[in-house]
Amino acid sequence: MSTQLFEDMAQSIINGEAQEAKRLAREAIRQEVDPLEAINRGFVVGIDQVGERFSCGEAFLPELVMAGEAMKAAIAVLEPEMARQGTVRQTLGKVVLGTVAGDIHDIGKTLVGTLLTANGFEVIDLGVDVPIAAFAAKAREVGADIVGVSALLTTTMTRQKDVMAALEDMGLRPGVKVMVGGAPVTQSWVEEIQADGFSEDAIGAVAVAKQLMAEKAIQAQE
Ligand code: B1M
């Protein structure tokens with residue numbers, strides 16, 4: 001497979017062309033390209049460029065919006081394929097997932113949810129702009145093993161800490177593990193708020209979730 005397809009994918013996002021992004025996503029499936037590779041080597045390269053241009057004032061909000069829409073359109077085509085390729089079918093654990101209050105970025109969070117589902121986790125996706133208390137309330141209602149909290153803004157990242165406090169207040173910790181993620185999240189932030197797990201990407205999030213389930217199993221034996 002040529003790298004031209006990946007380059008075209010990136011360009012479709014930079015141009016904010018949702019129809020073209022969808023066409024290229026279908027083409028990737030037709031050529032049996034790994035959907036996650038298409039996302040990471042193609043579409044994400046484009047959205048990262050738009051993000052960089054936005055942060056240095058070379059691109060503006062409408063471009064960010066259009067790039068985001070194109071990205072979502074492409075992922076919507078690839079998602080069923082990723083789910084279909086997920087081989088593990090037994091439920092590994094229950095994950096309540098969402099993007100924190102004040103934050104409407106959902107592309108990365110949804111990707112994390114898709115890969116967790118494809119790898120055998122039951123995911124309850126609360127969506128975006130999720131109030132702090134809603135994470136804890138849903139975790140209690142469904143008996144969650146893990147609460148996954150995504151944040152893409154430095155201003156909303158602090159709410160990951162608030163979600164942990166809400167779980168603590170409801171007496172749900174340490175039985176419910178907390179995994180955090182999102183572009184501004186760093187290992188030192190994770191250590192500061194004492195979250196149980198962190199991943200920089202969606203594939204890593206699956207490995208972290210499995211690790212957290214293993215830790216839960218050990219805790220249950222103690
Ligand atoms: Co916004 N935005 N945005 N944006 N946006 C960023 C995040 C920004 C870095 C752009 C920039 O300046 N370079 C910047 C944040 C700066 C900061 O705080 N540090 C920014 C800003 C400033 C804003 C607004 C404030 C702009 C404005 O209005 N002036 C505004 C805020 C709105 C709000 O939320 N209240 C805003 C709005 C938007 C759009 C709506 C236009 C659109 C979102 C569309 C959507 O999501 N439906 C948008 C977009 C598209 C971006 C960028 C360009 C791309 C984000 C993305 O989807 N990346 C982004 C710049 C960038 O990140 N390059 C930017 C692709 C996605 C696959 O990656 O989301 O990082 P990501 O997810 C990864 C990992 O982070 C990780 O795995 C995912 C998959 O690999 N991960 C987890 C994510 N969640 C996880 C959870 C986990 C584990 C891993 O466990 C639970």
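In the stretch 65-91, the qualifying residues are those that are surrounded by fewer than 17 Cβ atoms within 10 Å (Cβ to Cβ) and among the aliphatic types (A, V, I, L, M), and the one that is farthest from the ligand (Cβ to nearest atom) is 88. The single condition among (1) in contact with a strand residue (DSSP E or B) (Cβ under 6 Å, 6 or more places away or on another chain); (2) surrounded by fewer than 14 Cβ atoms within 10 Å (Cβ to Cβ) that residue 143 does not meet is (1).
Annotation note: Cβ proximity below 9 Å between a residue of the stretch 62-81 that is of a type in the set (D, E, K, R) and a residue that is outside any helix (DSSP H, G or I) (sequence gap 6+ or interchain) occurs for 63/16; 69/16; 72/106. Total residues in the stretch 83-102 satisfying the condition of being under 27 Å from residue 157 (Cβ atoms) and either assigned to a helix (DSSP H, G or I) or within 13 Å of the chain's Cα centre (by Cα) (or both): the figure is 6. Inspect all residues belonging to the stretch 160-172 and state whether any of them is out of contact with any strand residue (DSSP E or B) (no Cβ under 8 Å at 6 or more places or on another chain), near the ligand (Cβ under 8 Å from one of its atoms) and either touching a residue at least 12 places away in the same chain (Cβ under 8 Å) or of a type outside the set (A, V, I, L, M) (or both). The answer is no, given that none of the residues of the stretch 160-172 is out of contact with any strand residue (DSSP E or B) (no Cβ under 8 Å at 6 or more places or on another chain), near the ligand (Cβ under 8 Å from one of its atoms) and either touching a residue at least 12 places away in the same chain (Cβ under 8 Å) or of a type outside the set (A, V, I, L, M) (or both). Please verify whether the stretch 21-38 includes one or more residues that are under 16 Å from the mean Cα position of the chain (by Cα) and over 24 Å from residue 117 (Cα atoms). Within the stretch 21-38 (the criterion being under 16 Å from the mean Cα position of the chain (by Cα) and over 24 Å from residue 117 (Cα atoms)), the answer is no, since none of the residues qualifies.
From the list 108, 120, 175, the one residue that fits, being buried (at least 17 other Cβ atoms within 10 Å of the Cβ), modelled with pLDDT under 95 and in a loop (DSSP other than H, G, I, E, B), is 120. Being closer than 21 Å to residue 131 by Cβ and within 11 Å of the ligand (Cβ to nearest atom) is a condition met by at least one residue of the stretch 186-195. One residue stands out among those in the stretch 123-156 that are farther than 12 Å from residue 98 by Cβ and in a loop (DSSP other than H, G, I, E, B): the one that is farthest from the ligand (Cβ to nearest atom), which is 143.
The values are calculated or read from the model by the stated rules, or taken from the named source; none is laboratory data. All values derive from a computational prediction rather than experimental measurement. Quick reminder, even Gly has a Cβ in these numbers, built from the backbone with ideal geometry, and neighbours come from all protein chains shown.
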